[in-house]
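Only one structure is covered here, and it is reproduced in the block below.
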Amino acid sequence: MPSRRSGPRSSRGHVRIEQESGPSRRWVAAVLSVVALIVVLIVLRQLLAGDGGTTAQFKDNRTWLEFAWTDGPVNADAVQQLGDRLRDGDINRVYLEASAWRTDGTLLEGQNAQAFAEALQQAAPALDVLLWLRMSIDQIADENQIAAALALADKAVHQWGFDGVQLNAVAVPNGSNGYVALLRDLRTAIGDEAVLSVTVPPDRVPSDPDVPMSASSDPDLTWDLNYKQRIGLLLPDEMVIMAHASGLATPEDYETWVAYQLSSYVSALSDLENPVNLVMAVPTYDAAPEHDPVVESVAAAISGVDRGAKASDQNKDQLQGIGLYEYKTTDSREWATYREKWLGKKSD
């Protein structure tokens, strides 16, 4: 029977046995394959961790600055540090509280509002500064307080050099005619060139039965399709969806709820000739009624916005960015979470 040796035969009649060459090559190839796979997995992990799922596509981010910045003396070093941090956080618009309501219904103006705004814009030249104007539904029904608010908006834009106004109205019921009238008067007061930003409520009673809701949700505070479009037709430059105080019990439910809020407003406004830009507010404030910071965390909120943005191309197109509500209550841990999950920036 012929021999089955596979090794090449030498001229001397001896057989060179290369017993280890085949297995060695296979072993080396296997090791190299494993190493290559590990490298690929590491790279993918870094990319995914850096993105936070959303990537750094959304550069138009916001935050709210409290009254203390405008009422006290302007500290040049503090303003420069603030400007540096806003730039690092890709925040290019702030809502600055340059006034506070007194108990008698009059407005107390920040004595250094103009000086602070000018110093901040020098520290961060690309930054828009808008007057943050808070109003309750009762104030919107009071002619004297409306007049005071309109006068302040006019002054902020035309005397102090602010870039516009954000109306932060609270508990505006569905179909409110007074709110519509106020928005029209605000636009007239600040002019067409100034930015008009408005906060809008979340759907506290979602139309989608699969979206969780709190048992205490007030249906009158959920705007229907017609009213959302009515506000959109007034052509505000942006709507900031205040997606917090959900009253929910788990971060997973809250994430689903946040994603729905973006889709709900996009669905309502996308049929308009000029769909309004949208910003999603991310809560960073302490525990309050219907707001549990453990449930409504920065991480859960960003995951919800990310999920909503990915739900459709239209959602992604209309979303401008997110807003940290508020700057003073955003601690270092929350800031790091925002930078990593939203901006894709690793903390030092």
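Out of the residues in segment 228-239 that are outside any loop (DSSP other than H, G, I, E, B) and of a type outside the set (D, E, K, R), which is nearest to V165 (Cα to Cα)? My answer is M239.
There is no residue in segment 312-326 that is under 21 Å from V198 (Cα atoms), assigned to a helix (DSSP H, G or I) and among the aliphatic types (A, V, I, L, M).
Do the conditions hold for V282, that is, is it part of a loop (DSSP other than H, G, I, E, B), at pLDDT 95 or above and out of contact with any Ser or Thr (no Cβ under 8 Å at 6 or more places or on another chain)? Considered against the rule, which asks whether it is part of a loop (DSSP other than H, G, I, E, B), at pLDDT 95 or above and out of contact with any Ser or Thr (no Cβ under 8 Å at 6 or more places or on another chain), V282 comes out as no. Restricting segment 183-227 to residues that are part of a helix (DSSP H, G or I) and touching a strand residue (DSSP E or B) at 6+ places or on another chain (Cβ under 7 Å), the residue that is farthest from A153 (Cα to Cα) is L183.
Residues checked against (1) free of Cβ contacts under 8 Å to residues at least 40 places away in the same chain; (2) farther than 30 Å from A76 by Cβ:
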position: A153; (1), (2): yes, no
position: A181; (1), (2): yes, yes
position: D185; (1), (2): yes, yes
position: S214; (1), (2): no, yes
position: L221; (1), (2): no, yes
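Between P251, P201, P173, P206, the distinction of being touching a residue at least 40 places away in the same chain (Cβ under 8 Å), over 24 Å from R62 (Cα atoms) and in contact with a Ser or Thr (Cβ under 9 Å, 6 or more places away or on another chain) belongs to P206 only.
Condition check: under 17 Å from D163 (Cα atoms), acidic (D, E), in the same structural domain as G178 (by TED's automatic domain parsing) and surrounded by fewer than 21 Cβ atoms within 10 Å (Cβ to Cβ). Does D142 satisfy that? No; evaluated as a whole, the condition is false for this residue. Considering each residue of segment 209-216 in turn, at least one proves to be more than 22 Å from R134 (Cα to Cα) and acidic (D, E).
Residues that are of a type in the set (D, E, K, R) and closer than 23 Å to P289 by Cα were ranked within segment 234-272; the one that is surrounded by the most Cβ atoms within 10 Å (Cβ to Cβ) is E255. The set of residues from segment 127-139 being of a type in the set (V, I, T) and either buried (at least 19 other Cβ atoms within 10 Å of the Cβ) or not in a helix (DSSP H, G or I) (or both) comprises just one member, V129.
Checking each residue in segment 300-326 for being surrounded by fewer than 18 Cβ atoms within 10 Å (Cβ to Cβ) and more than 14 Å from Q57 (Cβ to Cβ) picks out A311, S312, Q314.
Look at segment 283-297: where a residue is under 18 Å from G323 (Cα atoms) and in the same structural domain as P251 (by TED's automatic domain parsing) and a partner is assigned to a loop (DSSP other than H, G, I, E, B) and charged (D, E, K, R), sitting 6+ places away or on another chain with Cβ atoms under 6 Å, you get P283/E296.
The values are calculated or read from the model by the stated rules, or taken from the named source; none is laboratory data. Predicted model only: the values in this text are computed from it and were never measured. Here Cβ is always computed from backbone atoms with ideal geometry, including for glycine, and neighbour counts include all displayed protein chains.
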